[in-house]
Amino acid sequence: MAEGIASRNSTDSFSDIGQELHQLLARLFPICRSITGNGVRKTLEILREHIPLIVHEVPTGTRVFDWTVPKEWNIRSAFVEDESGRKIVDFRRHNLHVVGYSVPVDRSVSLTELQPHLHSLPGQPDAIPYVTSYYQEAWGFCLSHNERQKLAEGKYRVLIDSELREGHLTYGEYLLPGETTQEVFLSTYVCHPSMANNELSGPVVAALIGRWLASQPRRYTYRIVFIPETIGSITYLSRHLHVLKQNVLVGFNVSCVGDDRAYSYVASRYENTLADKIASNVLSLKHPGFKKYSFLDRGSDERQYCSPGVDLPLVTLSRSKYGTYPEYHTSLDDLSLVTAEGLRGGYELIRDCIRVIESNETYRVTCHGEPQLGKRGLYPNLSTGRSGASVETMMDFIAYADGTNDLVDVSNIIGKPVFELQPIAERLVEAGLLEKVKEEKPTRPSR
Amino acid sequence: MAEGIASRNSTDSFSDIGQELHQLLARLFPICRSITGNGVRKTLEILREHIPLIVHEVPTGTRVFDWTVPKEWNIRSAFVEDESGRKIVDFRRHNLHVVGYSVPVDRSVSLTELQPHLHSLPGQPDAIPYVTSYYQEAWGFCLSHNERQKLAEGKYRVLIDSELREGHLTYGEYLLPGETTQEVFLSTYVCHPSMANNELSGPVVAALIGRWLASQPRRYTYRIVFIPETIGSITYLSRHLHVLKQNVLVGFNVSCVGDDRAYSYVASRYENTLADKIASNVLSLKHPGFKKYSFLDRGSDERQYCSPGVDLPLVTLSRSKYGTYPEYHTSLDDLSLVTAEGLRGGYELIRDCIRVIESNETYRVTCHGEPQLGKRGLYPNLSTGRSGASVETMMDFIAYADGTNDLVDVSNIIGKPVFELQPIAERLVEAGLLEKVKEEKPTRPSR
Amino acid sequence: MAEGIASRNSTDSFSDIGQELHQLLARLFPICRSITGNGVRKTLEILREHIPLIVHEVPTGTRVFDWTVPKEWNIRSAFVEDESGRKIVDFRRHNLHVVGYSVPVDRSVSLTELQPHLHSLPGQPDAIPYVTSYYQEAWGFCLSHNERQKLAEGKYRVLIDSELREGHLTYGEYLLPGETTQEVFLSTYVCHPSMANNELSGPVVAALIGRWLASQPRRYTYRIVFIPETIGSITYLSRHLHVLKQNVLVGFNVSCVGDDRAYSYVASRYENTLADKIASNVLSLKHPGFKKYSFLDRGSDERQYCSPGVDLPLVTLSRSKYGTYPEYHTSLDDLSLVTAEGLRGGYELIRDCIRVIESNETYRVTCHGEPQLGKRGLYPNLSTGRSGASVETMMDFIAYADGTNDLVDVSNIIGKPVFELQPIAERLVEAGLLEKVKEEKPTRPSR
């Protein structure tokens, strides 16, 4: 087992990891990302300052399962100008103003002609909505409903200086070898324009988790991918399905991990994978107010990773999950919604889960009956009928260390977190009272 | 799969099926039925106007499992006459007035001698109770408690002009072959005198379900039996046990399906048969206020069909179940308790269950990852982060179409009725995205 | 099956069993017991007046699993005397006054020197606590907090006239052979000084249960052990593990069975043994207000009997369990806390469980469909739609007598106690309607 990772005494200075995450996020925020294009490349380049990820380029037209890698999209500028020459909507002010994947346009239109190309949210009249049209050629602008209401009859010049051409889908991949080829898989996405929780929180947390992992001894191999959502995970799966099915022990899709509100996870299809078990254990004992979502509430790349025949043992870890918070997919999902504390909490959640995975062993007690802790200095000697909590935890651990329960099982049974059990396990192994059971870890959901 | 049955667009005109059921019931109502005799024959003869059922006659004395077919009972008239010659109780007024299977009697008795032969319900003083004595020779009269209270001291002439002799037990059977020899089995009973919910609702609904089935293509073979309760199902089982155990995929005992109140079912012994699964699915999604009864609440022919060693995969479908409504087994269970709307609801429940059975297939998605619905015109193209309900249902269906779930399983998981899923399945099979999985359906409760 | 044991008509006169238990307990109460020594021998000698148990002596220094049999401890007198010669604490007044296993001491100390050797309970200022130091050499006195508060500065003479030397650990064993070598195992402990519920209730109840068993025909072999807690059960297991694992069908640890309050049991590790099933069945149906404790609430010899690799199918049966009542492990656990009624209830609980074990058979109905009870005089003949409760129980029993359920399973399914079902089973076997199914009883928790 990789001592360093499982241990609580990390080399990370926690005093400022939240600040560091927030600063990195703020730097990436203005970039106009989409599922392809230079925004993704620029984002990966900045992340490479922290981890040496490999950038892959997959050509337009490549068949990926049921899909085809689309044309690459880039945009220089876009605006709607009124008759007075005032730019009433301008991509330069906010990159959400243009519908993602808009085809180029430059023409003069009446308000009536313009209206079908405008998108706003009457229920959130201050917010610019996030709209895309990846797979049907279209163009459009997004604006706050309040601004839209002000539009007068007249002529408008609409210009979108974009380009849709043969190019590439770009993604980043970071592989950290461990003692075994069994893998922990992290996936996050880099296809959203200027929104903070969904989704720059995922990539910045995943990048700094990668940096931390690089500094630690590792029992498992780690694979972290930074991809565009849906088409990116499908592309990645189409290239690596066999090895992922072979090696992935636990996977986490990391999304929306930056606000201050909920902790949550989206379960796998049958809620029976090791990822479900780990996430549920860590959240139950550390964040008991957490929210568990059914796979029916899915919406991110767990849709691909957990699809029939793919069936990776993966859950999505989040704070306020996509689709559940009012700022979701609007310009309100900004740098004030996501906080240093929120990001730090997201980071710690991923790290806690990884520590549990690294610590997770199955133990068996070596003697019949309870061992005599007293003669080993593990027990208070004067019996008063009331014994200390940690002795109780130790005895409970031993009672269930029968070779059938891993640390997470024991943790679930006795209600103590794995990080409390792991040092006890070490002391007891040292004292010769416990032995590790070698067992084939299941990598498939058993159903 | 039999397209016609599974489809919602039935050829039945639903505008008047309730009326037709009620009229048929009203026509059968006055007949004095018992577990044997001409009342059963007359009833089956009328049902034969709608479905070509075969009438079987089993001789008195035939051994049927632990039982023996009893003598045949017929009755011409019966009354209690007071000294003034007034018939104070008269079989001609209501056939419940005579205890079923009463032996012939013609004598003069005092009120004191008469009392042990009278039956009334102090708690329901207006109701004539339903009483029988099939297996011990006896005679008696039933009357309302109010009438009984009025009886004065004096002499009474009691006459029961009945006949108990070697004869037959009569039952009707209707077999509709389907594409496979696997069977759906319906059973209902024709042994009750003038009572409407329990039990003329069952035979009239089963008969018109039979007529509807005859007009439809059928994946499964259908077997509908019209029998006297208990001795009839035991007789039928003793003759057909092997073939029933071999072929019956799902069975429904149809009883008390005519009032306007509850929907309910009586589960099988271990609640683990396909019949339980179908009934629970249909009722949960269409009649969420339904009542599920344990097998401990049984009381009808499920007692035989689900007995150890017989173990047909069968539940009883009801509206207000026998024994649970105040009019049960009295003269108050009459043509006003059972309504056209009530009968129509009972009919639709059976038909809905049959449609689910006919539709029920196991599907597997043909691609890895989610399919691209957009390129097939199955998806709204402009993503706004909020997609339509039917796309969500389609995607949820695909997510669980992994070759291990039949339509009912998927329906239970995603909470949408089978009739919504079945057309989606067809579209997706057509689009090449789903394929049917051939699997051996279990016909036994797996325990 | 052993008719006599299973039957309700015991030869025991229940009118005074509670009194007899209480008198025996009162006689044993003053003896100063510990985990070794003459107090245990004296206790077993008195119990031998009721059952011919064999007394075993295991030498000091014997290795027993992870433990070693300690030195034997005996004590003649002990006191704390003030300067005026007044014995302010005196072992002769209450044997809880001296810390169990105190080494000899005879010296003069200041109050300051004395204090670390004193034990009292500020929260229960009238109670003398029960304190021991078996495995670390120490000496000390226990007294009420009120008395302790009164101690003035000054010199005190402390004397403990005890002896710690090579000797033996003593236990009693009572084996009653039955028709089979499969065993019911009862364990209780004899190591507590003058406390009544925890623990003289266990030995007195177990002894008179042994006497009752001796008077009965027995299907199973019975093994009853009277041991010191922890070291005693570990010693016993170390000598008999193989045969216990081979033969024990059900085991009960009997502790704290003498007060008037709760009924309870401590489940086995995975709550899946026959002992759990029996205890839960008996308590649910006879004492529905009972309390079930998880194995995490364990504290008595179930810790050894259910430890990994030992895994006897055993639960602890109690009234107010150790650790849950305020008088626990203090001088307040006395002859007024434990009552004749309370002890009788504990005795009946053990006896009821044994009767269920002895009665427990698996039956299968011999005919298809329901049997005709009427022709066998088992059914009221005039059907009024309302049948008697016992017929319903009989029919429910038959419905689940399919060869897969033992009497306890049927009892759990239909909610009637085994003692109601057992006579029905006998009648039905006599009538040829049920047959016993020979099945290998599981003796291991199946996990």
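Of the set (1) within 14 Å of chain C (Cβ to nearest Cβ); (2) crowded, with 24+ Cβ neighbours inside 10 Å, all apply to B:Leu349 but (1).
Scanning segment B:28-46 for residues that are among the acidic types (Asp, Glu) and buried (at least 22 other Cβ atoms within 10 Å of the Cβ) gives no hits. Consider segment A:405-429 and keep the residues that are outside any helix (DSSP H, G or I) and under 17 Å from A:Ile357 (Cα atoms). The one that is nearest to the chain's Cα centre (by Cα) is A:Pro417. Within segment A:47-83, the set of residues being polar (S, T, N, Q) and assigned to a loop (DSSP other than H, G, I, E, B) comprises A:Thr60, A:Thr62.
Taken over segment A:291-339, the criterion of being within 14 Å of chain B (Cβ to nearest Cβ), surrounded by 24 or more Cβ atoms within 10 Å (Cβ to Cβ) and among the aliphatic types (A, V, I, L, M) is satisfied by A:Leu312, A:Leu314. Checking the structure you have, find out if any residue of segment C:78-100 is under 29 Å from the mean Cα position of the chain (by Cα), among the basic types (Lys, Arg) and farther than 26 Å from C:Ala26 by Cβ. No.
For segment B:226-236, the criterion of being in contact (Cβ under 8 Å) with a residue 12 or more places away in the chain, farther than 26 Å from B:Tyr293 by Cβ, out of contact with any strand residue (DSSP E or B) (no Cβ under 7 Å at 6 or more places or on another chain) and surrounded by fewer than 22 Cβ atoms within 10 Å (Cβ to Cβ) is met by none of the residues. One residue stands out among those in segment C:267-279 that are more than 14 Å from every other protein chain (Cβ to nearest Cβ) and under 16 Å from the mean Cα position of the chain (by Cα): the one that is surrounded by the most Cβ atoms within 10 Å (Cβ to Cβ), which is C:Ala275.
Within segment B:430-439, the residues that satisfy the criterion of being part of a loop (DSSP other than H, G, I, E, B) and either β-branched (Val, Ile, Thr) or within 12 Å of chain A (Cβ to nearest Cβ) (or both) are B:Ala431, B:Gly432, B:Leu433. Would it be correct to say that A:Tyr101 is touching a strand residue (DSSP E or B) at 6+ places or on another chain (Cβ under 8 Å), at pLDDT below 95 and within 12 Å of chain B (Cβ to nearest Cβ)? So A:Tyr101 does not fit the description; no. What is the residue count in segment A:373-387 for residues that are touching a Leu at 6+ places or on another chain (Cβ under 9 Å) and either in a helix (DSSP H, G or I) or modelled with pLDDT of 85 or more (or both)? Of the residues in segment A:373-387, 2 are touching a Leu at 6+ places or on another chain (Cβ under 9 Å) and either in a helix (DSSP H, G or I) or modelled with pLDDT of 85 or more (or both).
Please verify whether B:Leu285 is among the hydrophobic types (A, V, I, L, M, F, W, C) and surrounded by fewer than 24 Cβ atoms within 10 Å (Cβ to Cβ), treating the condition exactly as stated. The answer is yes for B:Leu285. Scanning segment B:143-157 for residues that are within 37 Å of the chain's Cα centre (by Cα) and of a type in the set (D, E, K, R) yields B:Glu147, B:Arg148.
Output the residues belonging to segment A:227-284 that are assigned to a loop (DSSP other than H, G, I, E, B) and among the charged types (D, E, K, R).
A:Glu229, A:Asp259, A:Asp260, A:Arg261, A:Arg269, A:Glu271, listed by residue number.
Collect the residues in segment A:119-143 that are away from every other protein chain (no Cβ under 12 Å) and free of Cβ contacts under 8 Å to residues at least 40 places away in the same chain, keeping them in residue-number order. Within segment A:119-143, A:Pro122, A:Pro125 meet the criteria. Determine which single condition B:Leu25 fails, assuming it passes every other condition in (1) touching a helix residue (DSSP H, G or I) at 6+ places or on another chain (Cβ under 6 Å); (2) surrounded by 21 or more Cβ atoms within 10 Å (Cβ to Cβ); (3) in a loop (DSSP other than H, G, I, E, B); (4) not aromatic (Phe, Trp, Tyr). Unmet for B:Leu25, out of (1) touching a helix residue (DSSP H, G or I) at 6+ places or on another chain (Cβ under 6 Å); (2) surrounded by 21 or more Cβ atoms within 10 Å (Cβ to Cβ); (3) in a loop (DSSP other than H, G, I, E, B); (4) not aromatic (Phe, Trp, Tyr): (3).
State whether one or more residues within segment C:235-242 are within 17 Å of the chain's Cα centre (by Cα), of a type outside the set (Val, Ile, Thr), over 17 Å from C:Ile357 (Cβ atoms) and away from chain A (no Cβ under 14 Å). Checked against the condition, which is being within 17 Å of the chain's Cα centre (by Cα), of a type outside the set (Val, Ile, Thr), over 17 Å from C:Ile357 (Cβ atoms) and away from chain A (no Cβ under 14 Å), segment C:235-242 yields no hits at all.
Look at segment B:388-404 and say how many of its residues are outside any helix (DSSP H, G or I) and away from chain A (no Cβ under 12 Å). Here the count works out to 1. Mind listing just one residue for me: the one in segment A:47-68 that is among the charged types (D, E, K, R) and within 14 Å of chain B (Cβ to nearest Cβ) and, of those, surrounded by the fewest Cβ atoms within 10 Å (Cβ to Cβ)? Ranking the qualifying residues of segment A:47-68, first place goes to A:Arg63. Residues in segment C:169-188 that are buried (at least 16 other Cβ atoms within 10 Å of the Cβ), out of contact with any Pro (no Cβ under 6 Å at 6 or more places or on another chain) and in a strand (DSSP E or B): C:Leu169, C:Thr170, C:Tyr171, C:Gly172, C:Glu173, C:Tyr174, C:Leu176, C:Glu183, C:Val184, C:Phe185, C:Leu186, C:Ser187.
Looking across segment B:361-379, the residues that are free of Cβ contacts under 8 Å to residues at least 60 places away in the same chain and more than 9 Å from chain A (Cβ to nearest Cβ) come down to B:Leu373, B:Arg376, B:Gly377, B:Leu378.
Considering every residue within segment C:84-101, establish whether at least one is in a loop (DSSP other than H, G, I, E, B) and among the hydroxyl-bearing types (Ser, Thr, Tyr). Steps first, please.
First, the residues of segment C:84-101 that are in a loop (DSSP other than H, G, I, E, B): C:84-86, C:91-94, C:99, C:101.
Filter once more, so that each one left must be among the hydroxyl-bearing types (Ser, Thr, Tyr): C:84, C:101.
Yes: one or more hits.
Taken over segment A:80-94, the residue count meeting the criterion of being within 21 Å of A:Arg165 (Cα to Cα) and surrounded by fewer than 23 Cβ atoms within 10 Å (Cβ to Cβ) is 0.
The values are calculated or read from the model by the stated rules, or taken from the named source; none is laboratory data. Because the structure is predicted, anything quoted here is derived from the model rather than measured. Every residue, glycine among them, receives a Cβ derived from its backbone with ideal geometry; neighbour counts consider all protein chains shown.
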